[in-house]
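Here's the structure we're looking at; comments come further down.
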């Protein structure tokens with residue numbers, strides 16, 4: 001049987017599977033295995049996340065912050081495996097929100113979806129804000145809040161325009177993004193290790209001037225750098241309904257993306273730390289730490305060149321993140337899970353994109369950037385939202401493990417399912433708690449406010465609806 | 001069932017007057033009378049290439065092949081023309097390639113075969129014309145690969161004298177040949193990566209030199225040296241920016257959507273090269289003294305070493321990128337020469353065993369190895385001047401034949417996208433023919449001492465056709481079949 005015929009048969013099988021899950025095929029199934037991996041890989045975006053928060057980790061525990069990456073990478077691989085196990089059963093747009101709704105009940109699903117949406121919103125804002133800082137520095141403007149905000153606003157507008165008018169372009173940019181990340185990271189790591197090395201290998205054990213007894217607390221706080229970067233790998237699940245053979249490619253896409261990012265990220269942090277001109281000097285430079293290291297170690301011309309890759313990576317990551325957020329809003333409003341759902345699910349017949357959803361996401365991310373006092377707050381909020389949603393998913397998965405066992409898809413964990421799920425649950429709860437509880441947590445207040453609002457809205461509008469209409473829609 | 005039957009008429013006279021296909025009729029066993037679709041399908045099953053390439057691979061093969069032209073040779077054109085003479089020469093070369101590529105686009109979507117120029121010329125000028133265009137193309141690509149290898153050896157001896165340059169050059173060359181044998185898809189991926197690095201190098205050059213240039217360098221001194229003679233003399237130097245990009249057409253059989261991807265990659269590649277060449281020449285001219293620049297072997301490295309002499313990391317990194325650039329070109333040239341030799345061998349002009357395939361990935365291996373060996377031998381035995389002469393002469397001969405063939409069959413109303421009547425107008429093409437003739441004369445005049453190489457080579461090519469190639473043509477080959485079915489046969493529907 002030739003390739004096209006096999007492809008047609010597979011797509012037909014996927015459509016049947018979707019129908020069995022209660023939905024009609026509305027979106028085109030065109031995304032293959034590589035593109036699926038590409039979406040997750042570019043949202044994780046080591047060139048965006050790690051470079052943005054490198055200075056944050058450095059300020060807390062010096063070059064020792066590289067070890068946060070090792071720890072987070074290991075546990076996040078567990079989470080990716082556990083989520084992949086469920087994604088293989090429910091290849092639906094909406095990701096964790098749909099899974100928990102189906103494994104548990106619509107009420108839990110709705111709560112999980114709200115926190116996931118909050119996390120994705122903040123994730124998008126964090127990437128865009130981070131790029132705003134880098135671009136301001138790159139263009140030679142003063143790093144004042146107003147300048148950064150204006151540049152960030154331009155980035156948000158650019159992302160929104162692409163998402164409204166060029167949905168086909170988004171797919172191409174996402175594929176291109178993988179090349180940018182891999183080539184950019186490989187070139188940067190190679191140049192830093194060959195030409196920029198200033199420190200011996202033991203330097204990665206150096207913790208800087210941490211006050212007595214504060215090492216553990218600082219180290220836990222520094223986990224944010226890695227925890228924020230190596231997350232959001234449920235991105236590819238949101239395009240499940242557009243993927244070919246999603247039960248297989250979505251879980252593998254997530255796992256491969258985490259492993260690749262883990263390896264490349266380790267090399268990137270290692271090369272930056274070994275090229276560090278001086279800890280104090282870097283932190284006091286008034287420049288983004290990662291860019292300062294590159295400029296000092298490799299000279300101005302190469303710095304200007306390599307930063308183009310970093311900015312491109314940040315731009316594509318922000319675009320992918322915004323696209324995923326739009327899909328979540330769309331999936332949510334399709335089930336009437338949001339106020340004014342009829343507006344957000346409206347797809348423009350001219351551009352085939354949910355224009356109002358794009359505007360909602362753009363407005364929300366811009367507001368977050370305006371009112372959040374720093375990048376750490378935005379990234380903390382994103383980490384809390386995403387990890388808490390994972391925690392809810394893991395808890396539901398453990399309680400409904402028999403359901404998973406009986407219906408497992410082509411990607412499944414078999415006997416190690418329960419241990420992996422328990423480790424993932426404990427890990428995600430741990431990260432959520434440390435991001436919320438002072439003195440380490442900085443996003444507690446905002447998170448509390450969001451939780452109060454979500455709960456209030458649940459009791460005011462959703463409880464009844466979830467009990468009747470919403471449940472019907474899901475099943 | 002459709003059966004193609006000879007109409008009993010002999011072929012029209014070929015380019016040099018002999019009767020084409022006469023021998024093929026006698027040589028083929030039975031298939032000379034009836035070439036059924038079944039025979040053609042069986043032939044293609046045994047000799048067909050895997051369709052694994054997309055526009056991005058073609059673009060990388062096209063741009064990658066010519067990247068060496070940005071890093072070397074173009075500066076030779078500065079000496080004779082002056083700043084505005086250089087611009088005029090660049091525009092003339094671009095105009096020529098724009099019209100030539102438009103012709104190639106027209107041909108390539110109608111005859112998407114591995115033979116490329118051989119297939120196109122075969123349609124209009126008969127089998128000897130096709131054979132001549134094919135061998136000229138193969139020679140162009142084989143010699144160009146040898147030329148780049150010579151440049152690599154020179155580069156190693158100048159920049160990294162402590163390294164065993166010859167062994168390194170041959171080692172990497174052998175590695176690229178191996179990759180090509182493994183699979184064309186793999187080779188395409190490698191080419192994308194290499195081309196990305198080469199283009200990054202050009203961007204790095206722009207960043208390193210953009211704020212160091214002096215605009216007034218452009219208007220100091222005469223704007224055009226030596227008048228139109230200076231411009232004419234500068235033309236061959238700027239041909240290096242584009243020479244070999246036509247190799248894209250020879251990947252037609254391995255392209256998933258040739259009707260879309262071939263025109264797209266050819267025209268996008270051409271536009272990209274033109275813009276990059278303007279940038280490279282502009283920053284080159286305004287950054288350093290032109291009288292020195294025209295004498296150096298590696299102009300971009302030289303310019304950066306002058307304007308960023310303090311930045312050791314930049315120079316070291318750029319030096320490494322240069323090596324990658326040369327092998328990007330070589331990888332593209334391997335693709336071009338192998339596919340052309342493959343098509344000639346498949347059609348019987350060259351020994352048939354050359355087109356033997358690896359069964360797993362349907363990749364021909366001997367057509368990669370044998371031209372590669374020739375390139376390596378030429379690199380170590382030929383002089384730079386001789387190899388340049390043979391490359392340029394072969395390229396211009398092929399261009400000439402393709403344009404003549406196009407003019408001859410242009411009345412057949414080929415249906416082609418990206419149609420441009422202006423660019424393919426006979427007067428425009430006749431003007432181009434004039435340019436090519438002047439170019440050939442100018443080449444012979446400048447390298448007169450090496451003319452004997454051309455004479456001997458092409459005399460050998462002619463003799464080989466007369467005694468062997470012309471007697472072994474296989475009409476089942478797609479290029480031959482297309483030509484025969486269009487021009488020399490009638491179609492009979494048999495129920």
**Message:** Please compute, for peptide B:197-209, the average count of beta-carbon atoms on other protein chains lying within 10 Å of each residue's beta-carbon.
**Reply:** 3
**Message:** Tell me the Rg and the Dmax, in Å, that the Cα atoms of the range B:215-359 produce.
**Reply:** 20.4, 63
**Prompt:** What are the semi-axes of the equivalent ellipsoid of the range A:243-321, taken as the square roots of 5 times the eigenvalues of the Cα gyration tensor, listed largest first and rounded to whole Å?
**Reply:** 33, 15, 10
**Prompt:** Given a Förster radius of 56 Å and the C-beta distance between residue B:425 and residue A:142 as r, what FRET efficiency does 1/(1 + (r/R0)^6) yield to the nearest 0.05?
**Reply:** 0.45
**Prompt:** Can you pull the percent of Cα pairs in the range A:150-258 with separation above 22 Å?
**Reply:** 61 percent
**Most to least packed among B:118-131, A:388-401, A:217-230 [average Cβ atoms within 10 Å]** = B:118-131, A:217-230, A:388-401
**Complete:** Each residue of B:311-320 has, on average, a number of other protein chain C-beta atoms within 10 Å of its C-beta equal to 5
**Fill in**
For the pair residue B:154 and residue A:215, the simple spin-label estimate (label points 7 Å beyond Cα toward Cβ) gives in nm 6.0 nm
**Asked** Considering every pair of different Cα atoms, what Kirkwood radius, in Å, is found for the range B:49-469?
**Response** 21.5 Å
**Request:** Wrap a convex hull around the Cα atoms of the range A:31-474, take a quarter of its surface area, and give that in square nanometres.
**Result:** 19.9 nm²
**Item:** Additional length obtainable on full extension of the chain from residue A:350 to residue A:161, 0.36 nm per residue less Cα span
**Value:** 66.6 nm
**Prompt:** What shape does the range A:269-423 have by the C-alpha gyration tensor, where a ≥ b ≥ c are the square roots of the eigenvalues, rounded means a/c under 1.5, and otherwise prolate means a/b greater than b/c and oblate the rest?
**Reply:** oblate
**Message:** Could you compute Rg(Cα) / (2.2 N^0.38 Å) for the range A:311-358, with N its residue count?
**Reply:** 1.26
**Asked** What is the spin-label model distance, in nm, from residue A:370 to residue A:398 if the labels are put 7 Å beyond Cα along the C-beta direction?
**Response** 4.2 nm
**Item:** Solution diffusion estimate, µm²/s, Stokes-Einstein, the range B:45-175, Kirkwood Rh from C-alpha pairs, 37 °C, viscosity 0.692 mPa s
**Value:** 182 µm²/s
**Principal axis box of the protein assembly as shown, alpha-carbon based, largest edge first, Å** = 93, 76, 46
**Item:** Under the Debye formula (equal points on every Cα, no solvent term), log10 I(q)/I(0) of the range A:231-289 at q = 0.12, 0.21, 0.27 Å⁻¹
**Value:** -0.50, -0.80, -1.03
**Message:** Taking beta carbons within 10 Å but only from partner chains, what does the mean come to for residues A:191-200?
**Reply:** 2
**Complete:** residue A:183 and residue B:312 label points (each 7 Å along its Cα→Cβ direction) are spaced in nm at 2.9 nm
**Request:** At q = 0.16, 0.19, 0.26 Å⁻¹, work out log10 I(q)/I(0) for the range A:70-131 with the Debye formula, treating every Cα as an identical point scatterer and leaving solvent out; two decimals please.
**Result:** -0.65, -0.85, -1.05
**Protection-proxy order for peptides A:336-344, B:337-345, each taking the mean of Cβ atoms within 10 Å per residue, highest first** = B:337-345, A:336-344
**Request:** Grab the DSSP H runs of the protein assembly as shown that are 4 residues or longer, score each as -39,500 (n - 2.57), total them, divide by all residues and round the 222 nm result to the nearest 500 deg cm²/dmol.
**Result:** -23500 deg cm²/dmol
**Item:** For the range B:282-387, the Rg and Dmax computed from alpha carbons only, in angstrom
**Value:** 20.1, 58
**Asked** So how do B:269-281, B:136-148 stack up, highest first, on mean other-Cβ count within 10 Å?
**Response** B:136-148, B:269-281
**Prompt:** How are the Cα pair distances of the range B:313-467 distributed, in percent, across 5 Å bins from 0?
**Reply:** 1, 7, 10, 14, 15, 16, 15, 11, 6, 2, 1, 0
**Message:** Using the alpha carbons of the range A:377-460, what is the convex hull volume per residue in cubic angstrom, as a whole number?
**Reply:** 116 Å³
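Only the coordinates and a few stated rules stand behind these numbers; no lab work does. It should be emphasised that the depicted structure is a prediction, and the values quoted were computed from it without experimental measurement. We place every Cβ from the backbone using ideal geometry, glycine too, and count neighbours over all the protein chains shown.
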